[in-house]
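The values are calculated or read from the model by the stated rules, or taken from the named source; none is laboratory data. Please read all numbers here as calculations on a predicted model, not as lab measurements. Quick reminder, even Gly has a Cβ in these numbers, built from the backbone with ideal geometry, and neighbours come from all protein chains shown. Note: areas computed on protein heavy atoms with side chains; ligands, DNA, RNA excluded. Shrake-Rupley method; radii C 1.70, N 1.55, O 1.52, S 1.80 Å.
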Amino acid sequence: MFQFIFRTSFLISVLFFMMAEFVLAQSTGTLSGRVTDARSGEPLIGANVGLEGTSRGASTNLDGEYTIRDIPVGNYTVVVTYVGYEPQRRINVSVRSAGNRDINFELEPTGEELDEVVFSVSEPFRTPVESPTSFRRLSPEEIATYPAGNSDIAKVVQSLPGVSGSVSGFRNDVIIRGGAPNENVYFIDGIEIPTINHFSTQGSAGGPAGLLNVSFFDGVDLSTSAFGARYSNALSGVLQFNQRTGNDREFRTNFRVGASEAALTSEGPLFKGDDSSSNTTYIASVRRSYLQLLFQLIDLPFLPDYWDYQYKVNHRIDGRNDIYLTGVGSIDDFRINVPSDADPNQQAILEQVPVIKQQTNTTGIGWRSRLSEGNGFWLTTLSSSWFYNDFRRFRDNENQDGLFSQNTAAEWRNTARTELRYFGEQSTWNTGISLRWNRFENDFFDDNTNVAFDDRLDFMSYGAFLQWARPVLDGRVDLTAGVRFDGNTFTDTGNEIWRTLSPRAAASLRLDDEGRWRLNTSAGRYFKKPPLNLLGFKPGGEFVNQGSSYIRSDHLTLGMEFFPRSSTKFGIEGFLKLYDDYPVSIAEGVSLANLGGGFEVLGNEAVTSDGRGRTYGVEFLYQQKFETNYYAILAYTLFWSEFTGTDRNEFLPSAWDSRHLLSFTGGYRLGDSWEFSLRSRFIGRTPFAPIDEERSIELYPAFAFDYGRLGDERLGLFSATDIRVDRKWNFSRFSLDLYLEIQNVFAQNTPSEPSFLLETENGEPVLTRVDQLSESSILPTIGIILDF
């Protein structure tokens, strides 16, 4: 069947190639954008914007806007200069005949006039002042052509050091430096979203497919330590998605067909009238999965079906005030498909897979108001998030009969945040407060544990922070320090805010005059509130986890960076994370840090806050930005991840302790029409908990695991290589990108945990181990991206 799909896709692609060569191509495009003061947001009038290595350029108008026309299609470095401000270069800017996004610049004042243009050698790797270490930024171009990424940001970040995904299973978890998937937080334009995946594990965040449309993003920032004090509940990672603003001059449409879904994105001005541009813009998209059709075609036992949507509306009130409305949501249906002739492995999946219906929605409004003197701004956001999860398990999945476990839960988070960023003569200050109303409802029962309840939980949580940053010693050292606290009105010690006082500090030292060598270090303490479904667990009419503590993690990092060229970086960084007060399952004696990586519900059990943990290791990075005709990211991480159970002094390997992460991602551009990219990953042997056969026979089709033996058995080594070839055309009214993507090109086996079926031998029930489905399939995909 895969061969049929591949041959059909191949023939379609050949026809596209042949037909496109006979269509008159358009050889020029237009580039537009805006140049503003990074601190005040004021437009910079008369700034010079040019294409490096050419004579083409333009100056900004009274609104700070520029337009460069009649640019031969291709890729350029855009240079911006303005007297009294640091110059900027934006590399690998693609100019097409249609679909070019605006390239906006925010320039930092220098405080003095420069006689010549001087660029920092590390400029493409610029970091925010509050996070000078453990910080990575991905550009839209790096995301768009990532091999086998399917425009899924959760897969793209796995090319960075210290970041891995799930080894086995139909999963898309983000595991950072040996921490659990639920230790990360996600923000879109300053508004927190509960998950970035479809079919997300409640209480965690992973799932099989991403729900964010990367066509929206100007870039994605990832911090793996040294988190800014403005972020709460982060123990391992902060992912900040910076959405772009819709086009304010004309309507544009993007249509994309990928490996698992089709997406339509529209953007343009609102209320423009006869003006050349509008103060109000929109960008909106909808995506529809067809993965369920492919799974049904090849007779798999489950069908993942989903929709998602995303939107943003911007309005410029005046020169100092802007507001925006943004939202993202999903509708998921994970249902059963009975194969016509199931083999033992398909039968095992059919009997054991849960039935899931989920819906998510986050809506937020933000108001950015610049101070009258141009030395800072207020950002105030109001947001509401809703997560609904109907998770059911049946004794007879085929007939949806014998319901033995149900978790029908809903979570609401209504949040108000306000923060002030103030730019002094030398120092930058950032301070703010947040207030959140939390609601959790759950209609839950599980016959295997004899627990049932129908409850509702309401409480408030709150926090405040202060962050300071300043260069010293004539700019050779960048210093930052911050502190925050968090509290809530539900847990026993929730209002004792001194318990969550979390100081942090970081420094970056320039070792030479040119800034080619940098020494970075950071230390900090971070806290996370336990998930809502853990706090809302109410067997026997009592909230048994009300005594839970905030989870604590202390970080220490030390690293060195070398920039031989402006677009090249070598780095090495050591890290140590020490955990305390981690929830430990009373029934199983295992830290919840080991859970959350499967199709389950994390936290529906009684716990104690007695767990400890530690992860430590070293990361190596080589990164070449796409400045000429190639880019590369080579990352290796050696690490250990260990957590305790009920015995606080016995550290055991965690479920994420694969020890070795090695990845290479690279691309080569041949002319302006062809691009070749490759991703190769290697992950060491990951521990798993073997099943407790005697208990599992009683609980089947659920399983009980022997967590005391976690680490005794490990999966095999994981390795996979994916390639992608893009062919691009530019026509008078549209541009077309046709790509061929081949996943697992060398047909390497994917390790997976043993699979079992309950059978009868001599009148007694026994668990029989069954062979896994072939995990060595080569998976080809044809994709289309159309802009007009």
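Quick notes
- Note on the stretch 653-710: dipole from Cβ charges, positive end direction compared against Ala655, Gly671, Ala704; the farthest Cα belongs to Gly671.
- Residue-count net charge about Arg612 - beta-carbon cut-off 12 Å; Lys, Arg +1, Asp, Glu -1: -3
- Length available on full extension from Asn450 to Asn337: 0.36 nm per residue minus the Cα-Cα distance, which gives 37.8 nm.
- Residues Tyr526, Tyr630, sorted by accessible area with the largest first, give Tyr630, Tyr526 [1.4 Å probe; ligands and nucleic acids excluded].
- Label reach from Asp458 (point 7 Å along Cα→C-beta): in the stretch 491-510, amide nitrogens under 17 Å belong to 491.
- The chain - Rg and Dmax from Cα coordinates, angstrom: 26.4, 91
- Cross-link pairs Lys357/Lys538; Lys528/Lys625; Lys155/Lys357; Lys155/Lys625; Lys528/Lys569 - those with Cα-Cα distance over 25 Å: Lys528/Lys625; Lys528/Lys569
- Oblate is the label for the stretch 187-335. Its Cα gyration tensor axes, ordered a ≥ b ≥ c, give a/c of at least 1.5 and b/c at or above a/b.
- The stretch 364-428 and the stretch 708-734: distance between their alpha carbon centers, rounded to Å: 29 Å
- Near Arg504, once Lys and Arg are set to +1 and Asp and Glu to -1 for all other residues with Cβ below 15 Å from its Cβ, the sum equals +2.
- Extension gain (nm, one decimal) between Glu398 and His660, 0.36 nm per residue minus Cα-Cα: 90.3 nm
- When the surface is traced with a 1.4 Å probe over the full set of protein chains, Trp412 keeps roughly 70 Å² accessible.
- Each of Leu420, Leu222, Ser94 was scored by the projection of its Cα onto the charge dipole of the chain, and the greatest displacement toward the positive side belongs to Ser94; charges sit on the C-beta of Lys, Arg, Asp and Glu.
- Amide H contacts under 5 Å for Ala98, placed H, 5+ residues apart: Ser735
- The accessible area of Tyr668, taken with all protein chains in place and a 1.4 Å probe, comes to roughly 100 Å².
- Summarising the strand pairing of the chain, around 95 percent of its internal DSSP beta bridges are antiparallel.
- Surface listing: Ile365, Ile551, Ile586, Ile782 arranged by accessible area from highest to lowest gives Ile586, Ile365, Ile782, Ile551, probe 1.4 Å.
- Rounded to the nearest 20 debye, dipole of the stretch 665-788 from Cβ charges on Lys, Arg, Asp, Glu: 960 debye
- Positive-end extreme of charge dipole, the stretch 423-467 - chosen from Ser461, Thr431, Thr449 (charges on Cβ): Thr431
- Solvent-accessible surface (1.4 angstrom probe) belonging to Tyr388, in square angstrom, nearest 10: 60 Å²
- Net length gained if the chain between Ser719 and Trp429 were fully extended (0.36 nm per residue, minus Cα distance): 99.9 nm
- Site pair Ala632 and Leu420 shows an inter-label distance of 5.0 nm when each label is modelled 7 Å from Cα along Cα→Cβ.
- Tensor-based shape of the stretch 505-641 (alpha-carbon gyration tensor, a/c under 1.5 rounded, otherwise prolate or oblate): prolate
- Calculated mean residue ellipticity at 222 nm for the chain: -2000 deg cm²/dmol, from DSSP H runs with n ≥ 4 weighted as -39500 (n - 2.57), summed, divided by the residue count and rounded to 500.
- Magnitude of the charge dipole, the chain, Cβ model with Lys/Arg +1 and Asp/Glu -1, debye to 20: 1860 debye
- The stretch 718-765 shape via C-alpha gyration tensor axes, a/c threshold 1.5: prolate
- If you sort Asp275, Asp343, Asp455 by accessible surface, 1.4 Å probe, largest first, the order is Asp275, Asp343, Asp455.
- Taking Cα atoms only, the orientation of helix 2-20 departs from the longest principal axis of the chain by about 10 degrees.
- Converting phi to 3J(HN,Hα) with the Karplus coefficients 6.51, -1.76 and 1.60 and the offset θ = phi - 60°, the stretch 413-425 yields 9, 10, 10, 10, 10, 9, 8, 10, 10, 10, 9, x, 5 Hz in sequence order, with x at every glycine or proline.
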